[in-house]
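Below is one structure, written out as structure tokens; comments come after it.
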């Protein structure tokens, strides 16, 4: 017997099983929160920003040349980022910071990007240790100007933002992970409730029989539980004793 179910039947099914959905959502949120707390390492971010300069720029009063200088500086940001992520510079950072990391480990922690295609280079350091993230970021900021002037002719940078000590982890996001767990619990429970209903071939009421066979139901055989039968038998025995 193939069971068909329409949208209204599906909604009524979920309304009858609302408690299953709620329980699954709570369990999903709890599991996600516990997993986030005990199995995901918190990460801390510290960083600063540098303003790219070029001392060989010729300052003029014409707008066109000034715009071209800005474009040159924007391109210089990419060059500076390459210089500051080179193995030579990362080795200098590793030695100066004195935290026991090698240059490859530090390079994996560091990210350098230009800020919205401007002359500003943003440097961020991500680590499981907030103190290490701060120290490495501060070391990079302090050594950046000297390294760039040594490599790029006429190159220089100014410090815009000094690194700050991270007070709170940047990841994982507990709220977002719990929300994902709640949604996953809801989705799984919806699928399971639907699957169980579709696989259940039991006839639960007279209306189902009438719908399947297209005939009206003329009568139903009553169902008595064991307790009901026992009560009736006791009543008969009591009545028999009184008659005697």
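The values are calculated or read from the model by the stated rules, or taken from the named source; none is laboratory data. This one's a predicted model, so the numbers in the text were calculated from it and none came from an experiment. Using ideal geometry, Cβ is built from the backbone for each residue, glycine included, and neighbour counts are taken over all protein chains shown.
Of all the criteria given as (1) touching a strand residue (DSSP E or B) at 6+ places or on another chain (Cβ under 9 Å); (2) crowded, with 19+ Cβ neighbours inside 10 Å; (3) part of a helix (DSSP H, G or I), the one not satisfied by residue 147 is (1). With respect to the conditions (1) assigned to a helix (DSSP H, G or I); (2) under 16 Å from residue 157 (Cβ atoms), residue 131 lacks only one, and its number is (2).
Let's see how each residue does on (1) modelled with pLDDT of 90 or more; (2) farther than 30 Å from residue 36 by Cα; (3) outside any loop (DSSP other than H, G, I, E, B); (4) under 33 Å from the mean Cα position of the chain (by Cα):
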position	(1), (2), (3), (4)
116	no, yes, no, yes
121	yes, yes, yes, yes
135	yes, no, yes, yes
141	yes, yes, yes, yes
165	yes, no, no, yes
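Here residue 220 meets the list (1) in a helix (DSSP H, G or I); (2) at pLDDT below 95 almost entirely, failing just condition (1). Among the candidates 94, 81, the residue that is surrounded by 16 or more Cβ atoms within 10 Å (Cβ to Cβ) and modelled with pLDDT under 95 is uniquely 81.
Any residue that is over 23 Å from residue 168 (Cβ atoms) and modelled with pLDDT of 85 or more - is there at least one of those in region 52-61? There is at least one residue in region 52-61 that is over 23 Å from residue 168 (Cβ atoms) and modelled with pLDDT of 85 or more. Of all residues in region 86-114, those that are part of a loop (DSSP other than H, G, I, E, B) and under 19 Å from residue 155 (Cβ atoms) total 1.
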